[in-house]
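The values are calculated or read from the model by the stated rules, or taken from the named source; none is laboratory data. Treat the numbers as computed from the prediction; the structure is a model and nothing was measured. No Cβ is skipped: glycine too gets one built from the backbone with ideal geometry, and neighbour counts run over all protein chains shown. The area values use the complete protein model at the heavy-atom level, side chains included, leaving out ligands, DNA and RNA. Shrake-Rupley method; radii C 1.70, N 1.55, O 1.52, S 1.80 Å.
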Amino acid sequence: MVKESSNNFEKSIKRLEEIVDLLEENSTSLEESMKLFEEGIKLTDACKKKLSDAEKKVQNLLGSEE
């Protein structure tokens, strides 16, 4: 389960990098750029949530050791 979640996070980061590269190339139409931007925002939100969840888990683990 942890491995799958980690893989999804890594895949999301990789896709975000691809989107940034595509947008920086200026080789896509405005419509395609908007779709890529929207996808990037959704991936960013998902990654933020995963990072926040991981931080909470670490804080809980550290708090349970005290």
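Looking only at segment 49-66, residues that are within 16 Å of the chain's Cα centre (by Cα) and open to solvent by 80 Å² or more (accessible area, probe 1.4 Å) come to 3 in all.
Of Leu51, Leu36, Leu43, which residue is at pLDDT 95 or above, closer than 11 Å to Ser12 by Cα and in a helix (DSSP H, G or I)? Criteria check complete, one pass: Leu43. Per the conditions (1) open to solvent by 70 Å² or more (accessible area, probe 1.4 Å); (2) modelled with pLDDT under 95, the sole criterion not satisfied by Asn8 is (1). Collect the residues in segment 29-52 that are touching a helix residue (DSSP H, G or I) at 6+ places or on another chain (Cβ under 6 Å) and not small (Gly, Ala, Ser), keeping them in residue-number order. Hits for segment 29-52 are Leu36, Leu43, Cys47, Lys50. Ala46 satisfies every condition listed in (1) open to solvent by 60 Å² or more (accessible area, probe 1.4 Å); (2) touching a residue at least 12 places away in the same chain (Cβ under 8 Å); (3) within 22 Å of Asn7 (Cβ to Cβ) except (1).
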